[in-house]
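Structure, as structure tokens:
The values are calculated or read from the model by the stated rules, or taken from the named source; none is laboratory data. Everything numeric here is computed off the predicted structure, so don't read it as measured data. For neighbour counting, all protein chains shown are included, and Cβ atoms are generated from backbone atoms with ideal geometry for every residue, glycine included. These area figures cover heavy atoms from the full protein model, side chains too; ligands, DNA and RNA do not enter into them. Shrake-Rupley method; radii C 1.70, N 1.55, O 1.52, S 1.80 Å.
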Amino acid sequence: ITLPKTGFTRFSNQCNVKLSAIDMKKKLRIGLIGYSFMGRAHSNAFHQVNHFFPSGFELVPQAVCGRDEAKVREFADKWGYQSIETDWKQLIARDDIDVIDVATPNNLHHDQVIEAAKAGKMIWCEKPLARTGKEAEDMVK
């Protein structure tokens, strides 16, 4: 079986299989906090980014978090997230999340970014990073 954008060859069930470039990419499992306008914009970007900027990463919409369970479930279904949370602290604590994407109102960024950093997660935060210089300084320490 030959797949487009071939990479290296491996043998599986005695068939010579060429793997596509997507098979060789490192998966980054995203946990998105916030599903309103910026959550939609970020989710769209996750699906489009490799068309514009090819990289060695495959972005995986792993989980999305929001306060309204029905709305966040609808959002997850639309954008392909595998699961939902209604508590951002539970999302950050998950072992199956590599990146925390903060797409919440500005007044929530500070605590969410600091908790994600404490948990050892990669962090993507919508701008502005913080409301004040002091908040931003706390967040980057």
key: Sequence of Arg73, Arg67 when ordered by accessible area, the most exposed leading, probe 1.4 angstrom   = Arg67, Arg73
query = How far apart, in nm, are the 7 Å Cα→Cβ label points at Phe57 and Met24?
reply = 1.9 nm
query = When all protein chains stay in place, what accessible area (Å², nearest 10, 1.4 Å probe) is found for Met139?
reply = 20 Å²
request  = Summarise the accessible area of the stretch 60-141 (1.4 Å probe, protein heavy atoms) by the percent that is carbon and sulfur.
outcome  = 48 percent
